Each structure stands twice: as C-alpha cells, then as structure tokens.
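Data block below; observations after.
The values are calculated or read from the model by the stated rules, or taken from the named source; none is laboratory data. Note that the structure is a prediction, hence the values are computed from the model and not measured. Ideal geometry is used to build each Cβ from the backbone, glycine not excepted, and the neighbour counts take in all protein chains shown.
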Amino acid sequence: MKIQLENIGKKFNTEWIFQHVSFTFEEKSASAILGRNGSGKSTLMQVIAGNLHPNAGKVAYFSKGIEIDDADIFHHLTLVAPYMELIEDFTLKEMVRFHFSFKQFLPGFDHQGIEETLGFINVQNKQIRQFSSGMKQRVKLVLGILSDVPLILLDEPTMNLDKTGIEWYLDLVRKFTLDRTVIICSNLHQTESPFASKSLQIEDFK
C-alpha cells in the first residue's frame with residue numbers, strides 16, 4: 001500500500017501541531033516518523049490511521065494503483081501504540097481469538113502459531129491483567145504484525161521491552177513485514193526503526 005500526504009495540517013484549538021506535510025510512504029517499504037516526545041508524531045500517525053481528520057490537506061491511500069476510500073482504510077491496517085489498550089479481563093487465548101475475529105491471520109499462522117511466536121509458556125489461560133508491561137507489548141506487536149494487512153503502523157514499538165524483547169521485535173519485523181508497508185513513530189531511530197529506508201522529521205513542519 002502507498003500513502004500520500006498532501007499538504008497535511010493538524011491543529012488543536014488554535015495551535016497547529018504541524019502544517020504543510022507532504023510525503024509519500026512507498027508500497028512494500030518501511031519508513032519512520034521521527035521527532036522528540038510531544039512533537040506530533042503520534043498525532044500524525046493517528047491521521048494516517050484514519051482516527052483523526054486533518055484540518056488541512058488530504059491523505060490518499062493506494063493499493064496496486066487503485067485509491068482506497070478513507071472510510072474503508074481500517075480494513076487494510078493494524079496499529080500498535082501505547083494508547084491502544086488490550087482487554088485486560090480477557091485471557092491471552094481470548095484476546096487472540098477476539099482480535100482475529102476482525103483480521104485474518106498472516107498466511108502460515110493460527111492461534112497456536114501466534115502463541116508460539118510470543119515465546120510465553122503456559123499463559124494462554126491467564127488474564128492479560130496478570131501480564132507484565134513487556135509481555136503486554138509483545139502481545140500488541142504479535143497481533144499487529146501477524147495480521148494479514150498491507151499496512152502496519154507502529155508507534156513507539158519498543159516501549160516496555162528489555163534488550164531481549166527489542167531483539168525479538170526487530171526479528172519479528174524483519175521476518176514478516178518485507179512485502180508490506182510499515183510506518184514507525186520513534187524518537188529512538190537506531191533502536192526501533194534501523195530498517196527504515198526513509199524518514200520524515202515531524203519537527204520540520206512546525
């Protein structure tokens with residue numbers, strides 16, 4: 001999927017968070033949105049995901065050269081972000097089943113494959129609320145990356161991950177996103193998005 005930002009601007013009340021953002025996220029490639037905390041990275045990600053409407057400009061989505069209607073874009077993407085919560089009353093097994101009632105598994109995966117990729121032992125019947133913050137982040141990443149969608153949006157994907165978790169995340173991305181479009185929001189470019197082929201500096205658009 002290709003995404004074109006055409007002179008995008010977003011403001012809250014009278015304050016512009018960013019303005020005049022024009023950028024193309026190429027099909028089947030990884031790109032990073034970079035900037036300090038509070039610079040507007042997550043706001044731009046929310047605009048790209050269709051969760052927020054821009055105050056100026058247009059976001060255009062294309063699949064195999066055909067433009068996708070804004071109202072349908074949620075069918076084509078997954079979003080992993082700190083502000084996207086898991087359902088803590090669910091067990092891991094229930095959470096996986098619930099998520100994949102809306103999305104298809106990436107080919108070659110099923111419920112068991114998802115749980116094996118997580119690397120957890122004997123926790124499928126534990127409630128999510130009993131998981132550590134790092135375990136919850138792994139669940140979010142697996143659900144997002146192993147869904148069969150052409151666009152994966154990752155906002156601060158290594159939050160709450162230790163060194164081993166970061167290595168696991170990078171391996172997951174390298175193995176399962178090569179033929180898809182990936183956009184990463186980060187202020188830790190070398191840690192979270194070293195595989196990105198191009199980047200957008202959000203602070204260039206203040």
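Checking the structure you have, find out if any residue of the range 119-136 is touching a strand residue (DSSP E or B) at 6+ places or on another chain (Cβ under 7 Å), closer than 24 Å to residue 181 by Cα and not aliphatic (A, V, I, L, M). Let's see the steps before the verdict.
As a first pass, look at the range 119-136 and keep what is touching a strand residue (DSSP E or B) at 6+ places or on another chain (Cβ under 7 Å): 124-127.
Narrowing further to those that are closer than 24 Å to residue 181 by Cα: none.
The answer is no, given that none of the residues of the range 119-136 is touching a strand residue (DSSP E or B) at 6+ places or on another chain (Cβ under 7 Å), closer than 24 Å to residue 181 by Cα and not aliphatic (A, V, I, L, M).
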If we only count strands (runs of 3 or more DSSP E) wholly inside the range 44-87, which ones have 2 or more residues that are free of Cβ contacts under 8 Å to residues at least 24 places away in the same chain, out of contact with any Lys or Arg (no Cβ under 6 Å at 6 or more places or on another chain) and over 16 Å from residue 141 (Cβ atoms)? 66-68
Condition first: under 18 Å from the mean Cα position of the chain (by Cα) and on the phi > 0 side of the Ramachandran plot. Can you find one or more residues in the range 16-34 that meet it? yes
Among the residues of the range 147-157, is any without any contact (Cβ under 8 Å) to a residue 60 or more places away in the chain, of a type outside the set (Lys, Arg) and in contact with a helix residue (DSSP H, G or I) (Cβ under 6 Å, 6 or more places away or on another chain)? no
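For the range 95-102, check the following and say yes or no: at least one residue is touching a Phe, Trp or Tyr at 6+ places or on another chain (Cβ under 7 Å), hydrophobic (A, V, I, L, M, F, W, C) and within 26 Å of residue 27 (Cα to Cα). Walk me through how you get there before you give the answer.
Of the range 95-102, the ones touching a Phe, Trp or Tyr at 6+ places or on another chain (Cβ under 7 Å) are 98.
Within this subset, residues satisfying the condition of being hydrophobic (A, V, I, L, M, F, W, C) are 98.
Then keep just the ones that are within 26 Å of residue 27 (Cα to Cα); that gives none.
Within the range 95-102 (the criterion being touching a Phe, Trp or Tyr at 6+ places or on another chain (Cβ under 7 Å), hydrophobic (A, V, I, L, M, F, W, C) and within 26 Å of residue 27 (Cα to Cα)), the answer is no, since none of the residues qualifies.
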Quick count over the range 121-165, residues being buried (at least 16 other Cβ atoms within 10 Å of the Cβ), over 16 Å from residue 100 (Cα atoms) and among the polar types (S, T, N, Q), is 2
Let me confirm something: among 43, 14, 24, which residue is exposed (fewer than 14 other Cβ atoms within 10 Å of the Cβ) and among the hydroxyl-bearing types (Ser, Thr, Tyr)? 14
In the list 104, 112, which residue meets the criterion of being of a type in the set (S, T, N, Q), under 23 Å from residue 173 (Cα atoms), exposed (fewer than 13 other Cβ atoms within 10 Å of the Cβ) and touching a Ser or Thr at 6+ places or on another chain (Cβ under 8 Å)? 104
Would you check which residues across the range 118-132 are at pLDDT below 95 and of a type in the set (Val, Ile, Thr) and list them? 121, 123
Residues that are under 29 Å from residue 64 (Cβ atoms) and of a type in the set (Lys, Arg): find the strands (runs of 3 or more DSSP E) completely inside the range 1-40 holding 2 or more of those. 2-12
Going by the structure shown, is residue 167 among the acidic types (Asp, Glu), touching a strand residue (DSSP E or B) at 6+ places or on another chain (Cβ under 8 Å) and over 22 Å from residue 50 (Cβ atoms)? no
